[in-house]
1. Compute the helix-to-body angle for 72-94: its Cα long axis versus the longest principal axis of the chain, expressed 0 to 90° and rounded to tens.
2. Which of 176, 241 comes first, and how do the rest follow, when ranked by fewest Cβ neighbours within 10 Å?
3. Nearest 10 degrees is fine. How inclined is helix 111-131 to the longest principal axis of the chain, computing both from alpha carbons?
4. Could you give the angle, 0 to 90 degrees to the nearest 10, between helix 199-220's Cα long axis and the longest principal axis of the Cα atoms of the chain?
5. Quick check: the distance between the Cα centres of segment 173-198 and segment 103-144, to the nearest angstrom?
6. With the dipole of the chain worked out from charges on the C-beta (+1 for Lys and Arg, -1 for Asp and Glu) around the Cα centre, which of 128, 4, 246 lies farthest toward the positive end?
7. In the chain, what is the count of Lys pairs whose alpha carbons are under 17 Å apart, counting only pairs at least 8 residues apart or on separate chains?
8. Let me see the P(r) profile for segment 240-323: every Cα-Cα distance counted, bins of 10 Å, each bin given as a percent of all pairs.
Amino acid sequence: MSIISNEAIARLHHHLADDMQRVNQVTLNHIQSKVELVQKVAQHLLCSGGKRLRPLLTIACSRLFEDQPGYAVHLAAAVEVIHSATLLHDDVIDESDLRRGQPTANVLWGNVPSILVGDFLFSKAFQLMIEAKNQRVLEVLSQASTRITEGEVLQLTLSSDLNLSFDHYLEIVGAKTASLFAAACQVGGMIVNMPAELEDDLYQFGYNLGIAFQIVDDILDYSLSREQSGKPVGNDFCEGKVTLPVLLICQSPEFLPAWEEWFNKPTRSQDEFKTAQKLLLENETLEKCYEYAQPFVDQAIQHLLKMPAGFVRDSLGCLIQTE
């Protein structure tokens, strides 16, 4: 099975602690607002924790080629701010109550402030990009922002389609998740002295990592291991999202009617989630999902191996473990 290694993320954070501290400081400095509500909503999300994986990738990819990250710090902050803006919008769309174990901004302050502060964060992200004074970087991150929005709309139009194809699933995941992973990696190298011929490999590393990351996240939402660790499960089911586990089990005519009944309802209960979880586990659907993730793991590693050897490359490789 392939998993995203939290231990490897922690090691990278430890190795790049000074850089990431600068990223956090730049981020907080750039979300300042004279409007108190804007400040409260933005800080509520940005100070709520999280892995900071996307900005970490930007810093790590810059460190593949330079000893000092330079403007990569500002780009990493921009990446985190873009991600935070999308989370504010996502929570409104999904009517989410919790994010990182805390009440979401839309629960605390309402949908309209959440959407508007998300827009505020997008504008702040572009200010951070401009400070890097690199037109190509601006193009890459703005294209990623566009793709994220397109992915959201595509998911919205296909959200209840239990006959969703794997290609459509990849299109949604590629836009919503992998595009920002890819851009985060690419701009980290672009802002330093990365050889031009490696630019696409760095992009492809991030893109494939992002696909694998999302597949694993889809798996964990139905996994007993996350439930046993005390972390929340079942959010995707409660929101009626057709993720990879659902897509795969619904290919069987035997199980499709049950999922149609659940997903045609406006809400789903915890008892229904337990039944759905049991079906996935008994039919080894989650194990099949790991098999779907493996080619993306392999592709990510293949592209990463073209980067300069050293601790950073090894640490990036360890983000995805194969067991």
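Values quoted throughout were computed directly from the atomic coordinates according to the rules given, and no laboratory measurement underlies them. Since the model is a prediction, treat every value here as computed from it, not as a measurement. Cβ: placed from backbone, ideal geometry, glycine included. Neighbour counts: every protein chain shown.
1. It works out to around 20 degrees.
2. Least to most surrounded, the residues fall as 241, 176.
3. 30 degrees
4. 30 degrees
5. Value for the Cα centre distance between the two parts: 18 Å.
6. Result: 128, furthest along the dipole toward the positive end.
7. 10
8. That works out to 14, 36, 20, 18, 10, 1, in percent per bin.
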